[in-house]
Amino acid sequence: MLAFKREGYRRTDINCADLFETVTFPGFWKLARKHYRDGIMEMVRSVSKRALIKGLQQLIPEVTEDDLVPTHSGVERKR
C-alpha cells in the first residue's frame, strides 16, 4: 500500500518531502508499471468496505461484513 508519509498510519498523514522522494525514486515506477492494477485495487479496498469484503471472499467465501472489526493500523511493537 502506497503511503504518503513514513510512519503515517492515517489517511490524512501526508508529508510532501516523503511523497516526493517516493515518486522520484526510479524503483517505485518500475514496481508501479509492473503491478499498477494490484496497487489500484489495494487503494480501492482501503477505502471501500464492500471491495475489501469481496476481495476477502475470494480467499474465505464465508466472510461477511459482520466479521470485520474496525481498528487502527500500524506496527505492533514488542513490549
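Consider the range 46-79. How many of its residues are in a helix (DSSP H, G or I) and modelled with pLDDT under 90?
Filtering the range 46-79 down to residues in a helix (DSSP H, G or I) leaves 46-47, 49-59, 65-67.
Of the ones still in play, those that are also modelled with pLDDT under 90 are 46-47.
Residues in the range 46-79 being in a helix (DSSP H, G or I) and modelled with pLDDT under 90: 2 in total.
Just the residues that are exposed (fewer than 13 other Cβ atoms within 10 Å of the Cβ), of a type in the set (A, V, I, L, M) and not in a helix (DSSP H, G or I), please, taken from the range 3-45.
Within the range 3-45, 14 is the sole residue that qualifies.
So the check is Cβ under 6 Å with 6+ separation or different chains; which pairs have a first residue in the range 4-24 that's among the acidic types (Asp, Glu) and a second one that's open to solvent by less than 100 Å² (accessible area, probe 1.4 Å)?
If the second residue must be open to solvent by less than 100 Å² (accessible area, probe 1.4 Å), the pairs left are 13/5; 18/5.
Taking interchain pairs and intrachain pairs at least six residues apart, which have beta carbon atoms under 7 angstrom, with the first residue in the range 36-57 and under 18 Å from residue 4 (Cβ atoms) and the second part of a helix (DSSP H, G or I)?
39/32; 44/51; 45/51; 45/52; 45/55
Conditions first: (1) open to solvent by 50 Å² or more (accessible area, probe 1.4 Å); (2) within 15 Å of the chain's Cα centre (by Cα). Residue 53 passes all but one, so which condition is the exception?
Here residue 53 clears every test but (1).
The values are calculated or read from the model by the stated rules, or taken from the named source; none is laboratory data. As the structure is a computational prediction, the values presented were derived from the model and not from experiment. Glycine also receives a Cβ, built like all others from the backbone with ideal geometry; neighbour counts cover every protein chain displayed. Only protein heavy atoms, including side chains, enter the accessible area calculation; ligands, DNA and RNA are left aside. Shrake-Rupley method; radii C 1.70, N 1.55, O 1.52, S 1.80 Å.
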